[in-house]
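Structure, as structure tokens:
The values are calculated or read from the model by the stated rules, or taken from the named source; none is laboratory data. Since the model is a prediction, treat every value here as computed from it, not as a measurement. Note: ideal-geometry Cβ built from the backbone for every residue, glycine included; neighbour counts use all protein chains shown. Quick note on the areas: whole protein, heavy atoms, side chains included, nothing else; ligands and nucleic acids left out. Shrake-Rupley method; radii C 1.70, N 1.55, O 1.52, S 1.80 Å.
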Amino acid sequence: MEAAAGAGPAEALSCFAYNQDCTSLAIGTKTGYRLFSLSSVEQLDQVHANNEIPDVYIVERLFSSSLVVVVSHTKPRQMNVYHFKKGTEICNYSYSSNILSIRLNRQRLIVCLEESIYIHNIKDMKLLKTILDTPPNTTGLCALSINHSNSYLAYPGSSTIGEIVLYDGNNLRTVCTIPAHDGPLAAITFNSMGSKLASASEKGTVIRVFSVPDGQKLYEFRRGMKRYVNISSLVFSMDSQFLCASSNTETVHIFKLEHITDSRPEEPPTWSGYMGKMFMAATNYLPAQVSDMMNQDRAFATVRLNFSGQRNICTLSTIQKLPRLLVTTSDGHLYIYNLDPQDGGECVLIKKHNLLSSEKTDENKENDLRPPLPQSYAATVARQSTMPSSSSMPGYSEDGGALRGEVIPEHEFATGPVRLDDENEFPPIILCRGGHPGKVKRS
């Protein structure tokens, strides 16, 4: 989830976004952009800083690789793809109108305009598909599964009601349409496996979770009833056990996705059990809105921020083996909270970082954890071909994960006859620079 520029008090950041697995944070400012590693609570390591591109309003890093995509207000119709460790531009593409958002995984790169969506093959940046005449999408709302084995894409199917179009980004076809909410959509997000899709409407009171690809409703959570809010971020934890939502209010909500069973065990024949059954049966005779409200789950954990009305994004991540809630705000701060995965409750603030005062660059340390720099564009966006065949392996070869000993799920590995060392399939970076950067053709 990312936040782009908008009206608000003391906005030092023009944009800010976590990467796909929440191990890195990218921020854009009037003078450039910065990348941070999120591997420690106490220390915020600045991986890279660029002060040559002014007025950055979109910056997206591909996992913890050296590939970063940048869009500037000086050229809002042009997307630039960089290899930041080499300091080289891989390629750039121009579009028919302003770029509103960009999403990427190891298979696809999505560019969202107000009334069209462009799907690129990330290994060679070829345009695969243009989805034309989408409903007006002024905020560039869309979501891409980080699981490149399915690459599901979700975007609004209407500008007046909360309809979600689910699109298969690998096979380039529409899967289904999900009637998620009565009002227009405000937020959509996939879990890490691309098997669940969460959404919220502009009212911001109810959050729903659907199964993918069939679009069946799995969960329904109530964020609040007293007032409508603007949901600014919606994100699953990497293990899909929790769902976090932040808004323009001072409260961040964390919901727990309990295991769903087809049948409940028979309750003992007690008075309370009898009354419980009578109560549930009575909901069938109540108005639909009242019945739905009584069946909605409340937040498992919350955070009370010391501010409201400020743009922010949140994420759930495991840092130093413990679950944390991270909140980044438009005034240039990162807040880190502890989350109790057993009892929930109020999360405790343990660290506050100033993103604009961290001048230390940790590129040398990051280089020590990485193999020699790749010579091809493919090696920037995919792993080496000498990968073990086991379903999982310790360590994360792209950025510092080896130090943390994380386990890579099977879906992270590339599938199929991909020849990473074949320069005909994966041209070297130097051949991609400026290669056909002109306007993208529609298909």
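Which of the strands (runs of 3 or more DSSP E) found entirely inside the stretch 179-243 contain at least 1 residues meeting this: polar (S, T, N, Q)? Walk me through it before giving the result.
Values: elements: 185-190, 196-201, 206-211, 217-222, 231-236.
Of the strands (runs of 3 or more DSSP E) lying wholly inside the stretch 179-243, those with at least 1 residues that are polar (S, T, N, Q) span 185-190, 196-201, 206-211, 231-236.
For a quick check of your reading of the model, give me the residue pairs whose first member lies in the stretch 170-183 and is closer than 11 Å to Pro213 by Cβ, whose second is at pLDDT 95 or above and open to solvent by 50 Å² or more (accessible area, probe 1.4 Å), with beta-carbon atoms closer than 8 Å and at least 6 apart or on different chains.
From the stretch 170-183, the pairs are Val175/Pro213; Cys176/Pro213; Cys176/Asp214; Ile178/Glu163.
Name the residues in the stretch 38-62 that are of a type in the set (S, T, N, Q), open to solvent by 10 Å² or more (accessible area, probe 1.4 Å) and assigned to a strand (DSSP E or B), would you? Spell out how you get there, then give the answer.
Step one: filter the stretch 38-62 for residues of a type in the set (S, T, N, Q), giving 39-40, 43, 46, 50-51.
Retained after the next criterion (residues that are open to solvent by 10 Å² or more (accessible area, probe 1.4 Å)): 39-40, 43, 50-51.
Passing the criteria: only Asn50.
Being open to solvent by 20 Å² or more (accessible area, probe 1.4 Å) and of a type in the set (D, E, K, R) is the filter here; which residues of the stretch 19-37 pass it?
Hits for the stretch 19-37 are Lys30, Arg34.
Just need a number here: residues in the stretch 110-121 that are open to solvent by 60 Å² or more (accessible area, probe 1.4 Å) and in contact (Cβ under 8 Å) with a residue 24 or more places away in the chain.
Looking only at the stretch 110-121, we keep the residues that are open to solvent by 60 Å² or more (accessible area, probe 1.4 Å), and these are 114-115.
Checking the rest, the ones that are also in contact (Cβ under 8 Å) with a residue 24 or more places away in the chain come to 114.
Adding up the residues that qualify gives 1.
Out of all the residues in the stretch 241-263, is one or more among the small types (Gly, Ala, Ser), modelled with pLDDT of 95 or more and more than 22 Å from Asn137 (Cβ to Cβ)?
no
Which pairs have Cβ atoms under 9 Å, sit 6 or more apart or on different chains, and link a residue in the stretch 85-97 that is farther than 20 Å from Tyr33 by Cα to one that is among the polar types (S, T, N, Q)?
From the stretch 85-97, the pairs are Ser94/Gln78; Tyr95/Gln78; Tyr95/Ser116; Ser96/Ser116; Ser97/Ser116.
May I ask you to list pairs of residues, at least six apart or on different chains, whose Cβ atoms are under 6 Å apart, with the first in the stretch 298-326 being under 18 Å from Phe16 (Cβ atoms) and modelled with pLDDT of 95 or more and the second being hydroxyl-bearing (Ser, Thr, Tyr) and not in a strand (DSSP E or B)?
Sorted first by the residue in the stretch 298-326, then by its partner, the pairs are Leu316/Ser237.
Restricting to the stretch 128-142, name every residue that is modelled with pLDDT of 95 or more and either under 23 Å from Cys91 (Cα atoms) or of a type outside the set (A, V, I, L, M) (or both). I'd like the intermediate steps shown before the answer.
Looking only at the stretch 128-142, we keep the residues that are modelled with pLDDT of 95 or more, and these are 128-132, 134-142.
Within the stretch 128-142, Leu128, Lys129, Thr130, Ile131, Thr134, Pro135, Pro136, Asn137, Thr138, Thr139, Gly140, Cys142 meet the criteria.
Within the stretch 158-168, can one find any residue that is within 13 Å of Val111 (Cα to Cα) and not polar (S, T, N, Q)? Steps first, please.
Within the stretch 158-168, the subset within 13 Å of Val111 (Cα to Cα) is none.
Among the residues of the stretch 158-168, not one is within 13 Å of Val111 (Cα to Cα) and not polar (S, T, N, Q), which makes the answer no.
Out of Leu67, Leu104, Leu25, Leu62, report the one residue that is in contact with a helix residue (DSSP H, G or I) (Cβ under 7 Å, 6 or more places away or on another chain) and within 26 Å of Asn137 (Cα to Cα). Explain how you work it out, then say what you get.
Values: Leu67 fails: within 26 Å of Asn137 (Cα to Cα); Leu104 fails: in contact with a helix residue (DSSP H, G or I) (Cβ under 7 Å, 6 or more places away or on another chain); Leu25 fails: in contact with a helix residue (DSSP H, G or I) (Cβ under 7 Å, 6 or more places away or on another chain).
Exactly one of Leu67, Leu104, Leu25, Leu62 is in contact with a helix residue (DSSP H, G or I) (Cβ under 7 Å, 6 or more places away or on another chain) and within 26 Å of Asn137 (Cα to Cα), namely Leu62.
For the condition touching a strand residue (DSSP E or B) at 6+ places or on another chain (Cβ under 9 Å), among the basic types (Lys, Arg) and in a loop (DSSP other than H, G, I, E, B), what is the one hit in Lys30, Lys86? Lay out the reasoning, then the answer.
Details: Lys86 fails: touching a strand residue (DSSP E or B) at 6+ places or on another chain (Cβ under 9 Å).
After applying the criteria, what remains is Lys30.
Asp124 versus (1) at pLDDT 95 or above; (2) in a loop (DSSP other than H, G, I, E, B); (3) surrounded by fewer than 18 Cβ atoms within 10 Å (Cβ to Cβ): which is the lone unmet condition?
Here Asp124 clears every test but (1).
Evaluate the following for Val81: is it open to solvent by less than 10 Å² (accessible area, probe 1.4 Å), farther than 21 Å from Ala154 by Cβ and assigned to a strand (DSSP E or B)?
On the way: open to solvent by less than 10 Å² (accessible area, probe 1.4 Å): yes; farther than 21 Å from Ala154 by Cβ: yes; assigned to a strand (DSSP E or B): yes.
Criteria met by Val81.
Could we say that Leu325 is buried (at least 20 other Cβ atoms within 10 Å of the Cβ), part of a strand (DSSP E or B) and either within 16 Å of the chain's Cα centre (by Cα) or not β-branched (Val, Ile, Thr) (or both) here? Outline the logic, then answer.
Numbers: buried (at least 20 other Cβ atoms within 10 Å of the Cβ): yes; part of a strand (DSSP E or B): yes; either within 16 Å of the chain's Cα centre (by Cα) or not β-branched (Val, Ile, Thr) (or both): yes.
It is true that Leu325 is buried (at least 20 other Cβ atoms within 10 Å of the Cβ), part of a strand (DSSP E or B) and either within 16 Å of the chain's Cα centre (by Cα) or not β-branched (Val, Ile, Thr) (or both).
Kindly provide the set of residues from the stretch 180-213 that are under 17 Å from the mean Cα position of the chain (by Cα), more than 19 Å from Leu316 (Cβ to Cβ) and of a type in the set (Gly, Ala, Ser), ordered by number.
Ala186
Could you list all residues from the stretch 328-341 that are within 14 Å of Val41 (Cα to Cα) and in a loop (DSSP other than H, G, I, E, B)?
Leu339
Of all residues in the stretch 150-194, count the ones that are more than 22 Å from His120 (Cα to Cα) and either among the basic types (Lys, Arg) or surrounded by fewer than 20 Cβ atoms within 10 Å (Cβ to Cβ) (or both).
Kept after step one, since they are more than 22 Å from His120 (Cα to Cα), are these residues of the stretch 150-194: 158-163, 177-187.
Okay, now just the ones that are also either among the basic types (Lys, Arg) or surrounded by fewer than 20 Cβ atoms within 10 Å (Cβ to Cβ) (or both), so 158-161, 163, 177, 179, 182-184.
Number satisfying all stated conditions: 10.
Residues in the stretch 127-140 that are buried (at least 18 other Cβ atoms within 10 Å of the Cβ) and outside any strand (DSSP E or B): how many?
Number of matching residues: 3.
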